[in-house]
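Presented below is the structure to which this report refers.
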2 protein chains.
Amino acid sequence: MTQSPRTQPRPVRKTRAGEANESRILDAALGAFAERGFHGTSLADVASAAGLSKPNLLYYFRSKEALYVAVLGRTLEAWLDPLRALDAARDPREALAEYVARKLALSRDAPLASRLFATEILQGAPRLMAVLEGDLADLVASKTAVIRRWIADGRLAPVDPHHLIFAIWATTQHYADFAVQVRAVSGGDLSDPEFHAETVAAVTRMLLEGALPR
Amino acid sequence: MTQSPRTQPRPVRKTRAGEANESRILDAALGAFAERGFHGTSLADVASAAGLSKPNLLYYFRSKEALYVAVLGRTLEAWLDPLRALDAARDPREALAEYVARKLALSRDAPLASRLFATEILQGAPRLMAVLEGDLADLVASKTAVIRRWIADGRLAPVDPHHLIFAIWATTQHYADFAVQVRAVSGGDLSDPEFHAETVAAVTRMLLEGALPR
DNA sequence: GTCTATAAGCGGATAGAC
DNA sequence: GTCTATCCGCTTATAGAC
């Protein structure tokens, strides 16, 4: 499932130029929607950022809503990917550390996607509810089983699996979603390699070892 | 500083009825802005939710922007409060546990305020930047000193103070800001006392003790 | 203080030429 | 496929009576 369902048909792209346009539109739309939200973004913004006219944009996507859904759909897979990779067969310390590292890499490399999803979920996820209750819930259910197994084997402390996953999501996405606050308060930014490395180390350490002395 | 600066003067409230109206408007506006964002909210929405006409609303607040800033200002203190209460004199385990508990209580009792700030910061904090770089940065600086002292005394593991604070903010606010996702994935909601208690215990445990067996 | 009426402008979407 | 011109509804804000 690489595309979200579309309510209305839309021209199938045939030419190289058409595909390139569609891609440029989606990039421009991601930036606009992530920074100003659905209602704060006008089609004129997106069209000019993508370098074409408003009616031409609407030739590629039949409505603002359809464009928004397409942007969400395109970024969805990258969003779900790191959790899919959480590997039951590995040592929990390594597997969880790698999950944190992948999520933080995503916060650094795709902060706009993170903010887009954050905004959507903050507002009640009207267009993502089906995914949250479907694919995401299923995926999380399978991963909580992995965590429970680790706990049963004594390789992980008896932490609630759901809350562990929430804690990883929250701490890692924080650096993308609240980047301006992080910067205002600490001066750091994930785009700075040094700060990124410190963040990976600090977040991994806190989640795995905790803040109290051992 | 209980009010944010206002660019334009506005009628000073004199009567009981006037104050009550102003308060009802701010409540209605908080709900609307938190759920649909600044641009997704119309003054007609707010006016009808507050039980008065649109022009009458604009008698109390001279513009939509002024209303939005007033809502932000009114909720700001409650937002900063728990961190102010983080007490250097106490045992770090107890002080941090209480901070987590207070933040989670706020996520349960004032989720709309949490979502309002989250949306604002996500979009670059255009109207809060001064606070983030001023009061908040100062407050955080004083609290990182507390944490550093605890570490120097060997009462806390050598975690980076900024990242510890970010981790607490992220994990606690997650349950308000991403409540629909939490519910979709785990079925829980902070308004359920049992889930709230579990959450306090799980988050505190993870941050203090970590996920690995001790 | 509160209302009805209305001005003024923006933004999504379409018509239709090229 | 791409554009110019345009329609039309919605929204902020004001005028002015009560």
Below 12 Å, Cα to Cα, which aspartates and glutamates can A:Lys54 reach? Residues fewer than 8 away in the same chain don't count.
A:Asp45
Once you average over the residues of A:153-159, how many Cβ atoms of partner chains fall within 10 Å of each Cβ?
4
What do the square roots of 5 times the Cα gyration tensor eigenvalues come to for the protein assembly as shown, in whole Å, largest first, as semi-axes of the equivalent ellipsoid?
35, 31, 19
Over chain A, with a Gaussian network built from C-alpha contacts below 10 Å, which listed residue (A:Asp189, A:Asp153, A:Asp138) shows the highest mean-square fluctuation?
A:Asp153
What are the nm distances, shortest first, from A:Ala141 to its equivalents in the other copies, labels at 7 Å along Cα→Cβ?
5.1
Work out the mean other chain Cβ neighbour count within 10 Å for the residues of B:111-121 and drop it here as an integer.
3
Using the Cα centre as the reference, give the magnitude of the dipole from point charges on the C-beta atoms of region A:16-67 (Lys, Arg: +1; Asp, Glu: -1; all else neutral), rounded to the nearest 20 debye.
140 debye
Going through the cross-link list B:Lys64/B:Lys103; A:Lys64/B:Lys103; A:Lys103/B:Lys103, which pairs have a Cα-Cα distance over 27 Å in this structure?
B:Lys64/B:Lys103; A:Lys64/B:Lys103
Along principal axes, largest first, the alpha-carbon spread of region A:1-136 in whole Å comes out as 54, 31, 26
Contact order normalised by length for chain A, with contacts defined as Cα pairs under 8 Å and 6 or more residues apart; what percent is it?
20 percent
How many partner chain Cβ atoms sit within 10 Å of a residue's Cβ in peptide A:128-138, on average, as a whole number?
3
Summing +1 per Lys or Arg and -1 per Asp or Glu among the other residues with Cβ less than 10 Å from B:Arg93's Cβ gives -2
Taking the Cβ-Cβ separation of B:Ala137 and A:Ala197 as r and a Förster radius of 22 Å, what is the calculated FRET efficiency to the nearest 0.05?
0.45
At 7 Å along Cα-to-Cβ for each site, give me the label-to-label distance between A:Asp109 and B:Thr15 in nm.
6.3 nm
With +1 at each Lys and Arg Cβ and -1 at each Asp and Glu Cβ, the charge dipole magnitude of the protein assembly as shown around its Cα centre, to the nearest 20 debye, comes out at 1000 debye
Dividing the alpha-carbon Rg of region B:16-67 by 2.2 N^0.38 Å yields what?
1.00
Estimated Rh, region A:85-211: Kirkwood, alpha-carbon pairs, angstrom:
15.6 Å
The ratio Rg/Rh over the Cα atoms of region B:133-199, Rh being the Kirkwood inverse mean 1/r radius, stands at 1.13
Rounded to the nearest 20 debye, dipole of chain A from Cβ charges on Lys, Arg, Asp, Glu
620 debye
Between A:Arg93 and A:Arg127, the FRET efficiency computed from the C-beta separation at R0 = 45 Å comes out, to the nearest 0.05, as 0.75
Which helices, counted as full DSSP H runs in chain B, have an axial Cα extent of no less than 18 Å and a Kyte-Doolittle average of 0.5 or above?
B:137-152
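Where a number appears in this text, it was derived from the coordinates with a stated rule and is not lab data. These figures come from a predicted structure and were not determined experimentally. Every residue, glycine as well, gets a Cβ built from its backbone with ideal geometry; the counts of neighbours run over all protein chains shown.
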